[in-house]
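The values are calculated or read from the model by the stated rules, or taken from the named source; none is laboratory data. Predicted, not measured: the structure shown is a model, and the values here were computed from it. With ideal geometry, Cβ positions are generated from the backbone for all residues, glycine too; neighbour counts draw on all protein chains shown. What goes into the accessible areas is simple: the full protein's heavy atoms, side chains included, and nothing from ligands, DNA or RNA. Shrake-Rupley method; radii C 1.70, N 1.55, O 1.52, S 1.80 Å.
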Amino acid sequence: QVQIDESGGGLIQAGGSRRLSCTVSGRIFSFYVMGWYRQVPGKQRELVARVLVGGDTEYADSVKGRFTISRDNAKNSVFLQMNVLRPEDTAVYYCNANLNGVDYWGQGTQVTGSS
């Protein structure tokens with residue numbers, strides 16, 4: 001059983017910054033593709049950013065230049081540094097671990113960008 005725990009959400013003023021953290025149980029963290037997704041009510045969950053096993057990163061166009069994803073394999077952790085937050089970044093953010101096509105999800109953390 002893979003346990004994923006997120007933290008760092010909250011109410012952030014527009015233009016502000018926040019770092020989300022995610023830890024994953026188990027010994028094979030370095031083999032996971034790690035990602036952050038977000039979802040607002042009534043819409044599909046969307047990819048925000050992900051970091052591949054080798055360290056390459058991918059971002060949604062809406063967050064490029066503002067958000068940075070990183071991983072620390074020694075700590076079984078992945079982070080999402082969010083800068084210049086906008087009200088439209090408001091969503092529940094989910095940490096995702098993918099191994100050979102199998103997805104594991106955290107419980108989500110609410111991020112609210114206030115105008």
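Output the qualifying pairs, or none if there are none: Cβ atoms under 6 angstrom, residues six or more apart or on different chains, first residue in the stretch 91-108 and over 15 Å from residue 29 (Cα atoms), second residue in a strand (DSSP E or B) and among the basic types (Lys, Arg).
Listed pairs, sorted by first residue: 91/38; 93/38.
From the list 77, 30, 21, 25, exactly one residue is more than 15 Å from the chain's Cα centre (by Cα), within 13 Å of residue 4 (Cα to Cα) and free of Cβ contacts under 8 Å to residues at least 60 places away in the same chain. Which is it? I'd like the intermediate steps shown before the answer.
On the way: 77 fails: more than 15 Å from the chain's Cα centre (by Cα); 30 fails: within 13 Å of residue 4 (Cα to Cα); 21 fails: more than 15 Å from the chain's Cα centre (by Cα).
From the options 77, 30, 21, 25, the qualifying one is 25.
Does residue 14 satisfy being touching a Pro at 6+ places or on another chain (Cβ under 7 Å) and surrounded by 12 or more Cβ atoms within 10 Å (Cβ to Cβ)? Write out each step before concluding.
Details: touching a Pro at 6+ places or on another chain (Cβ under 7 Å): yes; surrounded by 12 or more Cβ atoms within 10 Å (Cβ to Cβ): yes.
The answer is yes for residue 14.
If you scan the stretch 46-101, which residues turn out to be of a type in the set (S, T, N, Q), part of a strand (DSSP E or B) and farther than 15 Å from residue 18 by Cα? Please lay out each step first, then the result.
Filtering the stretch 46-101 down to residues of a type in the set (S, T, N, Q) leaves 57, 62, 68, 70, 73, 76-77, 81, 83, 90, 96, 98, 100.
The next check asks that each one be part of a strand (DSSP E or B); those that pass are 57, 68, 70, 77, 81, 96, 98.
Listed by number, the residues that qualify are 57, 77, 96, 98.
Select, from 14, 91, the only residue that is under 15 Å from residue 112 (Cα atoms) and touching a helix residue (DSSP H, G or I) at 6+ places or on another chain (Cβ under 7 Å). I'd like the intermediate steps shown before the answer.
Values: 91 fails: touching a helix residue (DSSP H, G or I) at 6+ places or on another chain (Cβ under 7 Å).
Answer to the check: 14.
Among the residues of the stretch 8-38, count how many are hydrophobic (A, V, I, L, M, F, W, C) and part of a strand (DSSP E or B). Before you say what the answer is, go through the steps one by one.
Start the filter on the stretch 8-38 by keeping residues that are hydrophobic (A, V, I, L, M, F, W, C), which leaves 11-12, 14, 20, 22, 24, 28-29, 31, 33-34, 36.
Still in the list and also part of a strand (DSSP E or B): 11-12, 20, 22, 24, 33-34, 36.
So the count comes out to 8.
Residue-wise test of (1) over 17 Å from residue 98 (Cβ atoms); (2) open to solvent by 80 Å² or more (accessible area, probe 1.4 Å); (3) of a type in the set (A, V, I, L, M).
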| position | (1), (2), (3) |
| --- | --- |
| 19 | yes, yes, no |
| 34 | no, no, yes |
| 40 | yes, no, yes |
| 43 | yes, yes, no |
| 66 | yes, no, no |
| 69 | no, no, yes |
| 77 | no, no, no |
| 82 | yes, no, yes |
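Residue 57 is checked against (1) closer than 19 Å to residue 110 by Cα; (2) out of contact with any Gly (no Cβ under 9 Å at 6 or more places or on another chain); (3) among the hydroxyl-bearing types (Ser, Thr, Tyr) and fails just one. What number does that condition carry?
Among (1) closer than 19 Å to residue 110 by Cα; (2) out of contact with any Gly (no Cβ under 9 Å at 6 or more places or on another chain); (3) among the hydroxyl-bearing types (Ser, Thr, Tyr), residue 57 violates only (1).
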